[in-house]
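Structure, as structure tokens:
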Amino acid sequence: MSIQVCYDIFDRMKTDLKGLNARETEEWATSHGLEPYRGRQIRHWLLTRLANSSDEMTNMPKAIRALVRENAIINPLRVVKTLVSEDGTRKYLFILQDGHLIESVLIPERDHFTLCISSQAGCAMGCSFCLTGKQGLKRDLSASEIMEQVIVVKRSLEEPERMRNIVLMGMGEPLANYDAVMKALGSLIADDGMNFSHRKITLSTCGLVPEIKRMGRDITVNLAVSLNAADDETRSFLMPINRKYPLNSLIEACRGFPLPNRRMITFEYILINKVNDRNQDILKLSRLLSDMRAKINLIPLNPSPDSDMSPPPMNRILHFQDVLVKHHFTAIIRKSKGQDILAACGQLTGAFPDL
Ligand code: SAH
Ligand code: SF4
């Protein structure tokens, strides 16, 4: 069933406040005849107190609450559905104002939650193993649509402070939507924004080399690179972006990426039977990442029904890890959570059963 959204044409003339930084929110306030401190108060209500409407802004006069209601968008996303996996993973389906669908995934860890958010509806990168890639790109998300995923999910938690980690590993390629993603990250880590620790935020990229370099100059969050192969032939077969930015340029950008003390770059390596799990692959990978502050996440492929690629047998996966560890790498096997509700890596398409 397709979803039709009827949205208020006046909404298009309103300002989407969660997409503004602190200075812009003050400017918005003054352009509406308010003192700049009202802008700071509004931002505090939206990003710290997680207000759902201007009616909740109780320290502001009714006239200002009405002004905000009439001139600003406060809820750019709506939750259409949530699904809960048997392992506790929760998947949220959101509808954007123009009807596109995106997903976020909340993953329970021992003492906290990690939230995996989307940066685009669909993705243009076309990686052969990824269902999001099969859809193509619908559109970039705005900074406010990226922020709102965090706000809505945080508000739904009994203990919101337990949401500590944010990963940009949902739908889309974050560095292909650079400006909006950087703006959202800025508000996520700002003291007067959502105040997340930059150590707890990880951006994952398929390897857009110029933007990796730019990001190193612009913001301090963790970098994860979806590597998936250690030679150009295999990587270009799996990830078309490798033809534009082959491994030597990617690795050079990673080696130049500024890393704070004790921080490492995470390299994600999906293990695919007889494609990139051979002994020669392990050796090439060790050579490629030698002397780097690198951590390797091995992810057994989540197979999709229309593909003949499959994960390797468990003994092969363990062998792969074993040899990397012998080469002194930190290598962790990451079993994707939420497979029963299609919430695992590469399974996000915005299509929910019975919708
Ligand atoms: N576009 C970014 C972030 C989103 S993809 C990127 O590619 O890094 C998030 C992660 O899911 C990536 O590490 C990707 O390699 C992984 N992934 C995609 N499809 C997968 C699949 N079928 N099985 C396991 N992991 C997959
Ligand atoms: Fe896009 Fe990442 Fe999927 Fe590749 S793996 S198609 S870059 S979302």
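Computed values, structure above
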| item | result |
| --- | --- |
| Per residue value of the accessible surface for the chain (all protein chains in place, 1.4 Å probe), Å² | 46 |
| Computed FRET value (nearest 0.05) for ARG139 with HIS44, which takes r as the C-beta separation and R₀ as 35 Å | 0.70 |
| Among LEU50, GLY19, GLY33 the positive-end extreme of the charge dipole of the stretch 16-73 (Cβ point charges) | LEU50 |
| Accessible-area ranking of MET13, MET314, MET182, MET264, largest first, probe 1.4 Å | MET13, MET314, MET264, MET182 |
| Too-long pairs where the Cα-Cα distance tops 30 Å, listed order kept, from LYS274/LYS326; LYS154/LYS183; LYS62/LYS91; LYS81/LYS337; LYS183/LYS295 | LYS62/LYS91 |
| Dipole magnitude (debye, nearest 20) for the stretch 234-333, charges at Cβ of Lys, Arg, Asp, Glu | 360 |
| Share antiparallel - DSSP beta bridges, the stretch 97-196, percent rounded to 5 | 65 |
| Distance in nm between pseudo-label sites at SER128 and TYR37 (7 Å out along the Cβ direction from Cα) | 6.2 |
| Relative contact order computed over the chain (Cα-Cα under 8 Å; 6+ residues apart), in percent | 15 |
| Calculated FRET efficiency for the pair HIS198/ASN21, C-beta based, R₀ 22 Å, to 0.05 | 0.90 |
| Folded to 0 to 90 degrees: helix 209-218 orientation relative to the chain principal axis, Cα | 50 |
| Anisotropy class of the stretch 235-286 from Cα gyration tensor, a/c 1.5 cut | oblate |
| For the chain, built as a Gaussian network whose Cα springs stay under 10 Å, the top-fluctuating residue of SER144, SER236, SER119 | SER236 |
| Dipole of the stretch 77-341, positive end: most advanced residue of ALA143, PHE267, SER128 [Cβ charges, Cα centre] | PHE267 |
| Cα-Cα pairs of the chain separated by more than 30 Å (percent) | 39 |
| Surface share of carbon and sulfur [accessible, 1.4 angstrom probe, percent] for the chain | 51 |
| At R0 = 45 Å, FRET efficiency that the Cβ-Cβ distance of ARG255 and GLU70 yields, to 0.05 | 0.30 |
| The stretch 210-338: C-alpha gyration tensor shape, a/c 1.5 cut-off, then a/b vs b/c | prolate |
| Gain upon complete extension [GLU109, GLU161; 0.36 nm per residue less C-alpha separation] | 17.4 nm |
| Overall form of the stretch 16-73 per C-alpha gyration tensor (a/c, 1.5; a/b vs b/c) | rounded |
| Distance in nm between pseudo-label sites at MET309 and ARG278 (7 Å out along the Cβ direction from Cα) | 1.6 |
| Positive-end residue of ILE201, PHE257, ILE299, charge dipole of the chain with Cβ unit charges | PHE257 |
| Using alpha-carbon coordinates, inclination of helix 314-326 to the longest axis of the chain, degrees | 90 |
| 0 to 90° range, to nearest 10: angle between helix 178-189 axis and the chain longest Cα axis | 70 |
| Size of electric dipole in the chain: Cβ of Lys, Arg +1 and of Asp, Glu -1, about Cα centre, debye, nearest 20 | 720 |
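The values are calculated or read from the model by the stated rules, or taken from the named source; none is laboratory data. Remember, predicted model here, so these are calculated numbers, not experimental data. Methodologically, a virtual Cβ is constructed for each residue, glycine included, from the backbone with ideal geometry; neighbour enumeration extends over all protein chains shown. Note: areas computed on protein heavy atoms with side chains; ligands, DNA, RNA excluded. Shrake-Rupley method; radii C 1.70, N 1.55, O 1.52, S 1.80 Å.
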